[in-house]
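Novice: My structure is below; once you've seen it, I'll send some questions.
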Amino acid sequence: MRQCDTKSTYKSKCVLLYVEYAILFISFSLMINNSAIARDSNKKITIKIQKSSPLDEQLKRPSCIYEIHDGFDLRNSTLTLPDSAVLNFKGGYISNGTIIGKKTTIEASSVYILKNISLQGTWRNEHYYPEWFGAVGDGKTDDTEGIRQAMLAAKGKTLQFQRKTYIINVKTGTNNEDQRTIFSGCKCAEMIGSGSVIKLGDYDNCNLYKYKGFGSIFSVYTIESFHVKGITFDFNYEKNPIYQTQGVRQDIQENTQQNVFQFRRVRKVVIEDCKFIGHSGTNCIDYNDARYDEGDKTFEVTIENCEFLKCGGKSFYKSDKTLEDAYHDCSTIALHYCGKNHDTRFVVNVNNNYFEGIGGNAYNAIETDASELNFKGNTIKNFASCIFPCVGIYDGVISIRDNRFLDVSRGIVLWLRGGTDEDSNRYGYKNLEIAHNECVINMGKWLKTERYDNIGTRVSNRYGFVFTTSGNNKSVKNLSIVENTVKYKNYKLVPTELCNKAVINFETAGKDVKMMKCDNMVVSRNQFYNAVNRVLNNYMFQEIGRLVFDDNYINNPFSVQKANSDTGGGGIISLNHSRAYAPSLDYPTISNFTATGNNIIYQGYHPNDGCAVIVNSMILGENNSTNSSLIVKDNRCASFPKYGMVHFSSMNKLFKTIEIDGQ
């Protein structure tokens with residue numbers, strides 16, 4: 001009996017132990033399962049959209065991932081998405097309608113997923129692809145509409161281009177400006193490519209040049225910032241008859257008023273690592289109106305590491321190839337304008353770019369009225385003139401350093417023009433620096449060629465390294481022209497009457513101009529080769545505080561022009577003020593003038609008939625300072641002329657201190 005009880009007890013204990021182990025196993029399993037559910041609860045549920053059910057009935061649950069494997073036609077209806085949904089396109093697409101997002105994210109490769117779809121509402125994507133909206137990028141298909149829809153969708157975000165060639169066209173066939181702009185009202189913050197090409201279609205398929213009026217490829221208005229990187233913009237000049245060997249066809253010349261980019265009231269613009277090929281129109285990059293009524297009045301445009309090839313205004317010719325005009329009045333880059341809102345600070349940085357025109361008759365590489373211009377490390381080739389700052393501001397700052405200007409046909413590296421007469425007591429420029437530049441002026445670039453035999457009078461009065469003309473208030477506080485190399489070539493091809501401007505020519509136009517002054521002018525350590533006229537000519541500044549002309553090398557041929565009063569030749573410096581320009585103004589005054597250490601070599605014609613080496617014409621006004629000084633010494637001249645180093649043409653009051661050697 002006892003033994004039986006013992007067996008029974010043992011069995012009971014075994015059963016209890018088994019039950020306890022079972023309970024522990026179940027508890028452990030539940031713990032693991034509960035843990036797995038917790039992890040899953042932190043992830044979005046993935047729902048595969050079924051082809052058999054309507055799309056709007058399946059897109060109900062917020063914060064889910066919806067996989068789209070098939071095509072769905074909205075039939076021109078509107079689809080409203082739940083909050084924070086993700087549309088994951090895996091071979092599928094949505095077509096024909098409007099999708100309203102609510103913090104929605106699109107996940108897809110660069111394929112066609114939104115066919116004739118308009119995106120509205122809020123979206124979380126940082127990048128949008130033209131391929132999503134139908135662009136192909138095969139260099140043949142018209143991708144205009146795909147890019148346009150992607151640009152509209154990418155508001156405040158990045159429009160991402162692939163390493164492809166995208167073809168664009170104007171389809172409207174109208175003279176209306178907005179309709180001739182291919183992509184109007186662009187609101188994306190960035191256009192980024194990686195070896196991408198956006199190319200204009202052939203003339204037969206593209207209406208850009210067929211209608212008069214203004215238009216652009218991209219117009220960008222009233223946004224905070226815009227960034228373009230890594231894209232080539234190709235105007236397909238080989239297939240568009242606007243671009244010919246020597247000029248623009250006259251029959252469509254009025255139709256070429258178009259830009260690649262047109263910016264209005266964009267606070268910050270950056271264009272880098274891009275190429276612009278074959279643009280011949282108003283301006284390749286056009287920025288206009290940097291004025292805001294309130295808030296921060298600082299605007300900045302930066303263009304770096306770009307190439308502008310076969311760009312710039314071109315001369316027009318008629319069907320019989322006769323010359324119609326010498327140049328087309330436009331610029332590759334035009335960045336303006338502060339206008340009369342002088343509180344606006346407009347900063348322009350143009351660095352490390354390459355500009356190449358055709359035939360030497362492209363107009364300006366850059367035109368701007370920036371309050372601060374930094375132009376550094378650029379190469380400009382085959383342009384007529386290079387930098388065209390229009391003074392519309394006060395206390396401007398210009399720095400032109402370390403650039404190469406090659407085969408410049410009109411010879412104008414810096415052309416100061418325009419201005420304001422509101423306050424002649426303020427400076428147009430606070431600091432103007434031109435340093436470490438190389439310039440080759442090809443005076444025969446426009447002459448003695450097949451179609452330009454009679455062009456002479458059209459380019460007269462324009463050969464010079466620095467040139468000023470017209471307007472008021474170009475007063476300069478500090479002007480520095482230092483360590484530049486300027487070479488003239490083919491000067492013997494140029495008629496004598498076209499060689500009447502100095503290398504550095506300060507001139508004004510208009511009989512009602514107001515007094516302009518320069519407090520501090522330094523021209524030092526430059527090299528001027530084959531200068532066909534004077535090096536420095538002043539017809540603009542009526543007051544010069546300090547002028548330093550030191551340590552320059554001047555190789556002056558004078559073989560194409562004699563020194564006489566009619567042509568203004570002779571001497572290296574002329575300090576005058578032409579009353580023919582401003583009869584109401586007196587002759588200029590100068591406080592301190594120093595010319596030392598210059599090395600001057602005359603070749604060909606020797607100026608022995610009434611001119612001096614350094615200063616051939618110095619006419620000072622009655623108000624010249626009684627404490628003024630003139631120092632001309634330690635200069636070398638290979639051929640000493642009749643009148644020595646300085647010739648005072650007329651002077652009402654001498655300098656108080658005069659020190660001249662070799663006189």
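Novice: If I stretch the segment between ASP661 and ASP202 completely, what's the gain in nm (0.36 nm per residue apart, minus their alpha carbon distance), one decimal?
Specialist: Gain on extension, ASP661 to ASP202, equals 158.4 nm.
Novice: Using protein chains only and a probe of 1.4 angstrom, how many square angstrom of ARG546 are accessible, to the nearest 10?
Specialist: Probe radius 1.4 Å; accessible area of ARG546 about 110 Å².
Novice: Return the FRET efficiency for the residue pair THR122, ASN288: r is the Cβ-Cβ distance, R0 is 25 Å, and the value is rounded to the nearest 0.05.
Specialist: Rounded to the nearest 0.05, the efficiency is 0.20.
Novice: Whole-Hz ³J(HN,Hα) for each residue in the range 135-140, computed from phi via Karplus 6.51 cos²θ - 1.76 cosθ + 1.60 with θ = phi - 60°, x for glycine and proline: what do you get?
Specialist: Taking θ as phi minus 60°, the curve returns 5, 10, x, 9, x, 10 Hz for the range 135-140.
Novice: Using a 10 Å cut-off on Cβ atoms, rank the peptides 52-63, 221-232 from the highest mean neighbour count down.
Specialist: 221-232, 52-63
Novice: Evaluate E = 1/(1 + (r/R0)^6) for THR80 and ARG426, where r is the Cβ-Cβ distance and R0 equals 56 Å; express this FRET efficiency to the nearest 0.05.
Specialist: About 0.45, to the nearest 0.05.
Novice: Taking H placed 1.01 Å from N in the peptide plane, check which residues at least 5 places from THR298 or on another chain put their amide H under 5 Å from its amide H.
Specialist: ARG345
Novice: LYS239: accessible area at probe 1.4 Å, nearest 10 Å²?
Specialist: Around 120 Å² of this residue is reachable by solvent.
Novice: Between ILE100 and VAL270, how many nm apart are label points set 7 Å from Cα along the C-beta direction?
Specialist: Here the answer is 3.6 nm between the modelled labels.
Novice: Please list, ordered by chain and number, the residues whose modelled amide H lies under 5 Å from the amide H of ARG124; skip anything fewer than 5 residues away on the same chain.
Specialist: THR104, THR105, ILE106
Novice: Carbon and sulfur atoms: what percent of the 1.4 Å accessible area of the range 99-156 do they account for?
Specialist: 48 percent
Novice: Once you've got the Cα coordinates, tell me which of LYS187/LYS376; LYS310/LYS492; LYS157/LYS229; LYS297/LYS430; LYS157/LYS275; LYS164/LYS376 are over 24 Å apart.
Specialist: LYS187/LYS376; LYS310/LYS492; LYS164/LYS376
Novice: Residue by residue through the range 101-109, what is 3J(HN,Hα) from phi via Karplus (6.51 cos²θ - 1.76 cosθ + 1.60, θ = phi - 60°)? Round to whole Hz and write x for glycine and proline.
Specialist: With the stated coefficients, the range 101-109 comes to x, 10, 6, 8, 10, 9, 10, 6, 7 Hz.
Novice: Now a separate question. Would you tally the net charge around GLY137, using a Cβ to Cβ cut-off of less than 13 Å, leaving GLY137 out, and scoring K and R as +1, D and E as -1?
Specialist: Within the 13 Å Cβ shell, the charges total 0.
Novice: What figure, in Å² to the nearest 10, do you get for the accessible area of ASP550 with a 1.4 Å probe and non-protein molecules left out?
Specialist: Its heavy atoms expose roughly 30 Å² to the probe.
Novice: Follow-up question, since we're still on this one. For the residue pair SER110 and GLU238, what label-to-label distance in nm results when each label sits 7 Å from Cα along the Cα-to-beta-carbon direction?
Specialist: So the label points at SER110 and GLU238 sit 2.3 nm apart.
The values are calculated or read from the model by the stated rules, or taken from the named source; none is laboratory data. Computed from a predicted structure; not experimentally measured. Every residue, glycine as well, gets a Cβ built from its backbone with ideal geometry; the counts of neighbours run over all protein chains shown. Surface accessibility is based on the protein's heavy atoms, side chains included, excluding ligands, DNA and RNA. Shrake-Rupley method; radii C 1.70, N 1.55, O 1.52, S 1.80 Å.
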